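The values are calculated or read from the model by the stated rules, or taken from the named source; none is laboratory data. Here the structure is a predicted model, which means the values were calculated and not measured. Here the Cβ positions follow ideal geometry from the backbone for every residue, glycine too, while neighbour counts run over all protein chains shown.
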Amino acid sequence: MLYKNFATQEELDAQYDLEQTVEDVSAYADFYARESEKLRAEVKHRLDVPFGPTLAEHVDIYPASEADGAAPILFYVHGGYWKARTSKEFGYVARGPARRGVTTVVLNYALCPEVTIDEIVRQTRAALSWTYKNAGSFGGDAGRIHVAGHSAGGHLTAMLLETDWEGVYGLPGDVIKSACAISGLFDLAPFPYTFIQPKLQLSWDQVLRNSPILHVPDSAPPLLLVYGEDETAEFRRQSEEFLAAWRSKSLDADLLTLPGDNHYDVIKGFLDPESPLCSAILRHIVPG
């Protein structure tokens with residue numbers, strides 16, 4: 001066996017090659033881009049704000065539409081298997097949160113194989129640190145930072161929760177107030193055996209170092225795990241096993257499953273603050 005009960009790459013690819021699980025993946029990419037452009041045409045925003053020395057290391061900031069004083073912040077991490085997509089396609093995730101007075105910071109990071117997953121994790125942590133230290137410059141509240149991410153972004157969200165913020169960054173240990181990992185990847189062990197390995201170039205020490213399920217912390221903020229009911233069995237398993245690992249440490253964690261949603265549908269709920277996804281996230285950010 002290559003991994004668990006999978007004997008061949010073809011069997012694993014059937015679970016993880018997501019473009020093959022839908023009729024036309026380009027329709028989703030077009031939807032994300034179109035909705036993001038539409039939002040940027042309607043609201044004030046700041047693009048390409050640098051947090052690091054390379055061009056890839058920047059964030060896009062979408063201030064809250066109705067903020068009374070400093071606004072809570074949702075720090076969003078996009079997916080794309082660590083090898084594709086940018087922050088620009090995911091500006092639309094700010095629409096629902098903005099309607100509840102939440103500012104959204106969308107992360108852009110360098111991609112594999114130009115950099116390693118180790119470096120992407122470092123950039124994600126550096127961007128969160130930048131957000132905390134610079135929140136006042138865009139009307140955000142550094143004391144109310146929440147994180148969310150989808151797919152590879154779900155993995156990176158989990159890695160943020162397993163960061164020594166005090167010891168490494170000099171930030172409060174509770175800098176993150178809540179987190180949501182949507183269709184996340186918490187066990188990287190399958191990926192060296194899949195179609196994606198030529199891009200990721202994962203070594204086994206990277207797999208061990210960057211598999212969140214192997215590094216569940218002793219303390220953490222509330223965590224919401226989400227997946228669509230039409231996702232593959234492996235994606236559902238990844239979230240369910242991570243939920244069990246989280247709860248084994250007596251940490252606060254919930255699971256939300258979205259009926260009829262596949263891996264690409266599952267994040268459309270960010271457009272509507274009343275959607276099951278957005279309302280579940282906002283419950284921790286703007287209680288009541």
Review point. Is it fair to say Glu114 is under 20 Å from Leu55 (Cα atoms), acidic (Asp, Glu) and surrounded by 19 or more Cβ atoms within 10 Å (Cβ to Cβ)?
Key: no
**Study point:** Residue pairs meeting the criteria (Cβ under 8 Å; at least 6 apart or on separate chains; first surrounded by fewer than 18 Cβ atoms within 10 Å (Cβ to Cβ), in the stretch 263-277; second part of a loop (DSSP other than H, G, I, E, B))
**Key:** Asp265/Asp230
Review point. How many of the residues making up the stretch 124-160 are of a type outside the set (Ser, Thr, Tyr), surrounded by 21 or more Cβ atoms within 10 Å (Cβ to Cβ) and under 15 Å from the mean Cα position of the chain (by Cα)?
Key: 16
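Let's see how each residue does on (1) crowded, with 22+ Cβ neighbours inside 10 Å; (2) modelled with pLDDT of 95 or more; (3) touching a helix residue (DSSP H, G or I) at 6+ places or on another chain (Cβ under 8 Å):
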residue: Met1; (1), (2), (3): no, no, no
residue: Tyr62; (1), (2), (3): yes, yes, yes
residue: Ser65; (1), (2), (3): no, no, yes
residue: Val77; (1), (2), (3): yes, yes, yes
residue: Lys83; (1), (2), (3): no, yes, yes
residue: Tyr92; (1), (2), (3): yes, yes, yes
**Study point:** Residues (among the small types (Gly, Ala, Ser), out of contact with any Asp or Glu (no Cβ under 7 Å at 6 or more places or on another chain) and closer than 15 Å to Ala181 by Cα) located in the stretch 210-243
**Key:** Ala220, Ser239
Revision key, fill the gap. With criteria (1) in contact with a Gly (Cβ under 6 Å, 6 or more places away or on another chain); (2) farther than 25 Å from Glu10 by Cα, Gly140 comes up short on (1)
Exercise for review: Would you be able to say whether some residue in the stretch 122-144 is touching a Leu at 6+ places or on another chain (Cβ under 7 Å) and part of a strand (DSSP E or B)?
Suggested key: no
